[in-house]
Structures are given as C-alpha cells and as structure tokens.
Amino acid sequence: MKQILFVVTLICGYLFSQGTVLGIFESTNFPAGITGSGDGVCRLEIIDNELYAATEKGIYKYSEADNSWSCWGLENINVLDFKVCRDEIVAIIVPTDQKGHEAEAVAELIRLKRNQDDWENIMDEEMGYLLYDQFLSYIMRIAQHPTDPCVLMVAAYPGIWISEDFGTSWDFKFEYLYAYNKHQFLGWHPTQNNVLFYTSEGDNFNSQILRSADNGDNWEIINPDRMGDNSCHHLAFDSKDSDHILYSGEGCIFESNDCGKTWHCVYRQDSLDPATSIGYAYNIMFDERNNNDVYAVGCISVNEELCIFKSSDNGYSWKCIARSDKFENREFWINESVMFNGKIYLYTRQGVLAYNPDNNSASVEVIHADNKATTGMIYDLSGRKVKNPQHGTIIIQDGKKIFVRDNE
C-alpha cells in the first residue's frame, strides 16, 4: 500500500515571522523600535472603531485595510496611556531620564491639542511625593466615562482621582497605597455608570477590588480570594446582563452575578499540570459578535508562553485554545489585549500581534504533498512546534493551515 500525502491548505494570512513564538499569531506590521526598550506598560485604545497604541515613540494608529501603523500624535514621546475628547488629548508620559525608577513612578499627566507640540502639566498639586531629590507620581492608568468623555479617572499616588472637566481640576476620592499594579482595570461599569472599579492586589499579594456604587464618593474593598496569591487584573462586562462580570487574575478566573459585590471562582489552574496553566491572565473579554464566547489572554512566567483561553458558555467553563512556543527574557510579554472587529490584538513587548478565533473557516484548496514551496517551521493549531506531524492532523506551516491524510 503506497501512502500518498495530500496537503490541504487554508490561507490564513501572513503570520508574524520574528522568532519561533508566533505560529498562530498574525503580524500587524508594527514598526520596530517603538516599544519594548522601557519597563512601562503601554496601552491599547479603541476610539470611534479605530485601534490605537500608546508607544515609547508616540501614539500610533492602526489601518486594518493596509495592515499597518502610522504615528497619530505625540511623536517621539514615551506614552503609557491616553484619552481623547474632541481635539484634546490627555496622556500619561514618561520623561527621558527615569533615574532608575519604574516608568509609572516618574510619569507625568499632560494635556494638549491634537497636532500641537506644546502641552500643559495637569497633575493636581497633591499627586505624588518627593523621595530625596526625586519626585515620584506613580500615575498608573487613565479611565474615561462611557457616556461623558470629559470625565476622567486616574490612579496616581496616593489613590484615585476624578476630573469632570478633562483634567482642568481633580477631586481626590480614595486613598489606597497597595493598589499599584501595572496590569489592572480602572473605570466605570459600562451601563451602571454610578458603579466604579479599580482592580489590583492587597499587601499580601491577594486579589483585591475597589468598588464604588456612588460615583466614587465612597469605596468598598473586596477580597474575592483571600488565600490566593493571584492579583486581580481585568474586568469583562456582560452586555446582556449588567450584573454579570468576570475578572481575570493570576492562574484563575472569577465571576460575579451581583455587579461585583461578591465573587466566586470559575477557573483555577492546576499547578501540577502545565496544560491547565493560564499564568498571568492580564485581560478578559466578551466576544462582541457572540456574547456566549469569552476569551482570556495570559502570560506564563515559568515557561514564558502566551496562551488564550476560551469559554463558550458565558464564562462558566474554560479551555485553552492557543498556546505559543516558549520564549526568553520576556520579549513577548503582554502589555494589554483587546478584542477588535472579531480579532484579539495582543500588545507585546515586541509589538502588536493578532489572533483570529475564526481562522478555521476559510475556503479549501487541494495541492499535492511533493510541492516544496513551504519550508518553514511546523506548528500545531495551538501554536506549538511539531517535529513529526501525524497523518490525520492539521498543522500550520509558513502561514498556511495544512491537513495531512493517507490515501490509497
């Protein structure tokens, strides 16, 4: 019996080609040299259905049509986070000389008009403190009200501040010194706008959520998992049920059915089983097209891998659908991830990658196995390298999905 190898290819786009970590992730042609050299966590932003990235060289805007990025504002300035209201920008920026401190520790809060070079410092005089001869601010993140873009919230030393005039003046709302975590959620509930959240960790590194139900005047400290060492990172809000919220933490995912008042665990990794590891689950998101589908994106510190977990039942059960190869020195460590127009965009220290959850739905073309056009690395559908692909399996090679089968 003679075996004839047939290769069925599904064209799924040109994949990001730097390193071996990227078998299942697509390139967005993110410019080299504008991120990854500093220690700050730069953010992604969606404005008027357009994707933007804060970078160490300014604010960049993504073109889906061209699969390319271009500088949109604050060129050559190290930007960690920003918000836009009409023709004005409020941004967290980092000075060139950090003097050995983390980027957020020495960050500045500024406001400027679009396409102008001059800006004004809009920090409240009570923000930050002086340590010897160095002023430290610990400006961690900006949030913008879901219906009033002039209303901002900032996490900065020594707590939480709110402005109702796009940064002209600030009201100090809550003092909490342990709430400094680079990967956190700060913001309003998208439909119950009097409810505010700030996620982080407590003094013993357990998960912690700050919640206000009266527009930030009073805050409650919630400890969903008192015994766990699993800082709470991000929140996802169910558009069909305003009381249903999920949070992604370290090695776990929690759920609330009462708008964040109480929480229970719906997924926890088994430390003895690497296949279950979700690691630092920095972001969690509902699928904008199908509310039953939820995705969580994580980084695994021990083996240094990226992973994507999915729930198809509104967050009640979870499984890993994608895992990268191992990498070193945190070169692909994630800053932030968002879901945008059906794809998950992962902002890593090497740039922005894309993952398409629907990449199995393309049309099929049959070619013969002796075609030598593909010579690159071989991956399985979870992005792991494959040395000896088995008949009857689907692999990825040079950006193509390949189905291998026997035929008599």
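Here is how the numbers come out for the structure above:
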| quantity | calculated |
| --- | --- |
| Rounded Å value of the spacing that divides the Cα centres of the stretch 26-73 and the stretch 102-147 | 21 |
| The stretch 235-368 shape via C-alpha gyration tensor axes, a/c threshold 1.5 | oblate |
| Of all accessible heavy-atom area on the stretch 119-273, the percent that carbon and sulfur account for (1.4 Å) | 46 |
| Length gained when the stretch ASN329-GLN192 is fully extended (0.36 nm per residue, less Cα-Cα span) | 45.2 nm |
| Centroid-to-centroid separation of the stretch 199-240 and the stretch 270-303 [C-alpha atoms, Å] | 18 |
| Accessible area per residue in Å² at 1.4 Å probe, computed on the stretch 234-367 | 39 |
| Gain upon complete extension [GLN134, GLU88; 0.36 nm per residue less C-alpha separation] | 13.6 nm |
| Largest-first ordering by accessible area, 1.4 Å probe, given options TRP170, TRP119 | TRP119, TRP170 |
| Unit charges on C-beta of K, R, D, E only; dipole of the stretch 32-86, Debye | 140 |
| Surrounding net charge for ASP258, when Lys and Arg each add one and Asp and Glu each subtract one, Cβ distance under 14 Å | -3 |
| By accessible area with a 1.4 Å probe, ligands and nucleic acids excluded, highest first: order of TYR247, TYR316, TYR138 | TYR316, TYR138, TYR247 |
| Residue among ILE139, TYR129, ASN206 farthest towards the positive dipole end of the stretch 97-213, charges placed on Cβ | ASN206 |
| More than 16 Å apart - percent of Cα-Cα pairs taken over the stretch 192-295 | 57 |
| Rounded if a/c under 1.5, otherwise prolate or oblate - the stretch 102-211, Cα gyration tensor axes | oblate |
| In nm, spacing of pseudo-spin labels at GLU126 and ARG289 (7 Å Cα→C-beta vector) | 4.8 |
| Three-way shape label, the stretch 163-247, alpha-carbon gyration tensor, a/c 1.5 | oblate |
| Length gained when the stretch ASN76-ASP171 is fully extended (0.36 nm per residue, less Cα-Cα span) | 31.1 nm |
| Calculated FRET value between ASN49 and ASP258, using beta carbons and R₀ = 30 Å, to 0.05 | 0.40 |
| Net charge of Cβ neighbours under 13 Å - reference ASN290; Lys, Arg +1; Asp, Glu -1 | -3 |
| Nearest-0.05 FRET efficiency for ALA65 and CYS150, computed from C-beta distance (R0 30 Å) | 0.45 |
| Around THR191: net Lys/Arg minus Asp/Glu count, Cβ-Cβ under 11 Å | -2 |
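The values are calculated or read from the model by the stated rules, or taken from the named source; none is laboratory data. Everything numeric in this text was worked out from a predicted model, so none of it was measured. All Cβ positions, even for glycine, are placed from backbone atoms using ideal geometry, and neighbour counts span all protein chains on display. With ligands, DNA and RNA removed, areas are computed over all heavy atoms of the protein, side chains included. Shrake-Rupley method; radii C 1.70, N 1.55, O 1.52, S 1.80 Å.
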